[in-house]
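Below is one structure, written out as structure tokens; the observations come after it.
Nothing in this text is a laboratory measurement; each read-out follows from the coordinates by a stated rule. Keep in mind it's a predicted model, so treat the numbers as computed, not measured. Please note: Cβ atoms are built from the backbone with ideal geometry, for glycine as well, and neighbour counts cover all protein chains shown.
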Amino acid sequence: MSKIKTISEYGFSFQVKFIVCLITDKLFLEQIIDILDERYTANDAFRWLIKEIREYYNQYKDVISMNVFKIKIQEIDSDLLRVNVKDVLREIFKNMEAQDLNYIRDKSLDFHKTQVLKDAIVRSAEIIERDGNTDEIKSLIDTAMKAGVERDLGHNYFEDFEKRYEESARITTPTPWDIINELMQGGLGAGELGVIVSPAGIGKTWVLCAMGAYAISQKLNVVHYTLELNEAYVGLRYDSIFSGFEGQNLKYHKEEVMEKLFKLDGKLTIKYYPTKSCTVNTLSAHLKKAMTFGEKIDMVIVDYADIMRDIHKTREVRHALGNIYEDLRGMAGEFQIPVWTASQANRSALDEDVIEASRIAESYAKIMVADFVMSLSRKIEDKIGNTGRFHVIKNRFGPDGLTYPARINTNIGKIELFEATSIQGKDIQYKIKNRDNQAKQILSLRYDDLMKGEEIDN
């Protein structure tokens, strides 16, 4: 009953006075013009008036007058609509000096929110009859619940001087690499999206796990969503990173691994969703549930966004991926948590020494949305020699276009980045330049070891 009463509060009388405010208070009109929508008014007459108010402001940047309305009325083709508009205008004229106009202004955003919610409910019923898509319904309702809540007019440059300096410092979560943290001014900030780009099988998951493990070592709580590997397998990767034991040897060192884990103060939650079954709404719902149970979450990892499902049902893959990344960035902002994910590079990137933005599969919109994007390139010879190159594609917080040679051991998730001019960096670059010979040498040694083993067996 209370909800029905609330909706009825914004009926004919309210909407008459609402239009009075729109045509007599320019400041009020300017504040509300972006959400002014004739669909949410009582009848065709109100819808015509709202449409004219909006169009007049967009053209002249001013409120419309009663005299202009009188002229515009003559252009209405429908006799019935013309009569109804005149009737409403008479009511508007009677209420030009109404005592409760300030109240109407204060309640206008609530009115908008209520009307949006009513519209969402009606559309949800239609969706239920059509195919019952719960993700689409949830998206409609979530959008409606958020409508009209923004009352902040913005940052007052002169009055908010001190506040500006207090808020300029980002709350960041560092990566395992000082060299990257320096570029990012501390790491990935609350509400920001970071992306790791590489071809399949190169080490995206290891990089994400390394970042998660480092955050945990810094007493932070991490939620790791895996959409490809199962929870136990991802857990084993974290075990290797924390303990230094290779995956195949972990079972022989369980007590030592457990001892390492007990020393950690951060918390890790690993949640698996099958490929293409998970949407950003799915993740948001899970985060809200965790927070309801009192969980504090400092960082979210999504491995990986390209294999999520688009709630908007966009047909073209590139548009669907763009939507997913936009929604993921929105989720980061909603919860004020840094979110790291990964993206697939196209097949041609396998032959690249450095993966640039043009090699990102399907959609450049991923880069546009993200705050920080870094690629990982490793050829077959690099994998043999435990080398690779990280390249900063986009950095909203500082310079980009930089490439860092790296030592990468994906058996234990040990990843080290170096300045190209450092001793370690020069050594890695030398190995990379001579990787063909190096690969041959390594393969030759492995062959010799194999032959020696056969001789012993014989």
| query | So which of 204/414; 379/433; 204/251 end up more than 20 Å apart by C-alpha? | reply | 204/251
| task | Could you sort 59-72, 195-208 so that the peptide with the highest average Cβ count within 10 Å comes first and the rest follow in order? | result | 195-208, 59-72
| How far, in nm, would the chain grow between residue 72 and residue 218 when pulled straight, counting 0.36 nm per residue and subtracting the alpha carbon separation? | 46.0 nm
| Two-site FRET efficiency, residue 58 against residue 259, from Cβ-Cβ distance with R₀ of 51 Å, rounded to 0.05 | 0.15
| note | The set of residues whose placed amide H lies less than 5 Å from the amide H of residue 272, leaving out same-chain residues fewer than 5 positions away, is 226
| Relative packing of 414-425, 380-391, which averages over residues the other C-beta atoms within 10 Å, highest first | 380-391, 414-425
| message | I'd like the antiparallel share, as a percent to the nearest 5, of DSSP beta bridges with both residues in region 172-430. | response | 45
| How many angstrom lie between the C-alpha centres of region 332-349 and region 273-308? | 13
| field | region 249-264 - phi-based ³J(HN,Hα) in whole Hz, Karplus 6.51/-1.76/1.60, Gly and Pro as x | value | 9, 4, 5, 8, 10, 4, 5, 5, 4, 4, 4, 5, 5, 5, 7, 7
| field | region 61-95 and region 351-430: distance between their alpha carbon centers, rounded to Å | value | 64
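What number, in percent, do you get for the relative contact order of region 172-430 if the mean sequence gap of Cα pairs under 8 Å and at least 6 apart is divided by its residue count?
26
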| said: Give me the extension gain from residue 319 to residue 358: residue separation times 0.36 nm, minus the current Cα-Cα distance, reported in nm with one decimal. | reply: 12.4 nm
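Using Cα pairs under 8 angstrom and six or more residues apart, how large is the relative contact order of region 303-368, in percent?
38
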| Name the residues of region 80-100 whose amide N is less than 17 Å from a point 7 angstrom out from the Cα of residue 44 along the C-beta direction? | 80-89
| request: For region 177-302, just say rounded, prolate or oblate: build the C-alpha gyration tensor, square-root its eigenvalues into a ≥ b ≥ c, call rounded for a/c under 1.5, and beyond that prolate if a/b exceeds b/c, oblate if not. | output: rounded
| task | Would you mind calculating the relative contact order of region 175-230 from Cα pairs under 8 angstrom and at least 6 residues apart, reporting the percent as a whole number? | result | 31
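Using a ≥ b ≥ c from the Cα gyration tensor of region 254-410 (square roots of the eigenvalues), is it rounded, prolate or oblate, where a/c under 1.5 gives rounded and otherwise the larger of a/b and b/c decides, a/b for prolate?
oblate
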| Amide H partners (placed H, <5 Å) of residue 188, local residues excluded | 173, 175
| With a 10 Å Cβ neighbour count serving as the proxy for reagent exposure, in which order, fewest first, do 364, 304 appear? | 364, 304
